[in-house]
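Visitor: What follows is a single structure, and I will ask about it in a moment.
The values are calculated or read from the model by the stated rules, or taken from the named source; none is laboratory data. These figures come from a predicted structure and were not determined experimentally. For neighbour counting, all protein chains shown are included, and Cβ atoms are generated from backbone atoms with ideal geometry for every residue, glycine included.
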Amino acid sequence: MSTIAVQSKAYEQVLDITEDVGALAASMRDGVCHLFTQHTTCALTILTNEAGIAEDLLTVLHGLVPQATAYVHDAADHVRAHVLSALVGPSVSVPVRDGQLGLGRFQRIVLLEFEGPRARSIEVSGPWT
């Protein structure tokens, strides 16, 4: 298992980690590379690399989970980050073949930061050689 360290620079941010994961995949056999973040206010997903998609995703997620003060959680100021993280999820799996990520032409692996700036870590497991 390996770890990727990520430092977000904004309260909400979409960080492309594809190159970092690809560097680890170079030492993997054929199989599945699994990524998992141990944080509850960020998430992992796969997005297209088209301009504006990160902003569009955040806009849609904000529409699903409004900023509110009527949450039951004792720290209502960050409930939205927890809910957004739970909706998107803490993990993603990507196939690996011949040390290369099996991503589509436009696919990128991203960390969605919902309560930064923060240092984040991503656990990476896979079929190491």
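Visitor: Exactly one condition in (1) under 13 Å from the mean Cα position of the chain (by Cα); (2) within 24 Å of residue 62 (Cβ to Cβ) is not met by residue 5; state its number.
Guide: (2)
Visitor: As an exercise: evaluate residue 101 against (1) within 19 Å of residue 1 (Cα to Cα); (2) modelled with pLDDT under 95; (3) not aromatic (Phe, Trp, Tyr) and give the number of the one condition it does not meet.
Guide: (2)
Visitor: Inside the range 89-121, can you point out the residues that are outside any strand (DSSP E or B) and at negative phi?
Guide: In the first step, residues of the range 89-121 are kept if they are outside any strand (DSSP E or B); the result is 89-90, 98-99, 102-106, 114-118.
Of everything in the range 89-121, those that are outside any strand (DSSP E or B) and at negative phi turn out to be 90, 102, 103, 104, 105, 106, 114, 115, 116, 117, 118.
The rows are residues; the columns are (1) closer than 12 Å to residue 39 by Cα; (2) surrounded by fewer than 17 Cβ atoms within 10 Å (Cβ to Cβ).
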position	(1), (2)
86	yes, yes
95	no, yes
114	yes, no
127	no, yes
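Let's see how each residue does on (1) under 23 Å from residue 117 (Cβ atoms); (2) part of a loop (DSSP other than H, G, I, E, B); (3) out of contact with any Leu (no Cβ under 6 Å at 6 or more places or on another chain):
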residue	(1), (2), (3)
9	yes, yes, yes
34	no, no, yes
50	no, yes, yes
57	yes, no, yes
72	no, yes, yes
80	yes, no, yes
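Visitor: Follow-up question, since we're still on this one. Which of the following residues is at pLDDT below 95 and of a type outside the set (Ser, Thr, Tyr): 81, 119, 86? Can you show your working first?
Guide: Details: 119 fails: at pLDDT below 95; 86 fails: at pLDDT below 95.
One residue alone meets the criteria, 81.
Visitor: Let me confirm something: among 81, 51, 68, which residue is hydrophobic (A, V, I, L, M, F, W, C), touching a Cys at 6+ places or on another chain (Cβ under 9 Å) and farther than 27 Å from residue 128 by Cβ? Let's see the steps before the verdict.
Guide: Working: 51 fails: touching a Cys at 6+ places or on another chain (Cβ under 9 Å); 68 fails: touching a Cys at 6+ places or on another chain (Cβ under 9 Å).
One residue alone meets the criteria, 81.
Residue by residue, here is whether (1) at pLDDT below 95; (2) surrounded by 13 or more Cβ atoms within 10 Å (Cβ to Cβ); (3) farther than 12 Å from residue 126 by Cβ holds:
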site: 5; (1), (2), (3): no, no, yes
site: 9; (1), (2), (3): no, no, yes
site: 23; (1), (2), (3): no, no, yes
site: 32; (1), (2), (3): no, yes, no
site: 41; (1), (2), (3): no, yes, yes
site: 45; (1), (2), (3): no, yes, yes
site: 51; (1), (2), (3): yes, no, yes
site: 62; (1), (2), (3): yes, yes, yes
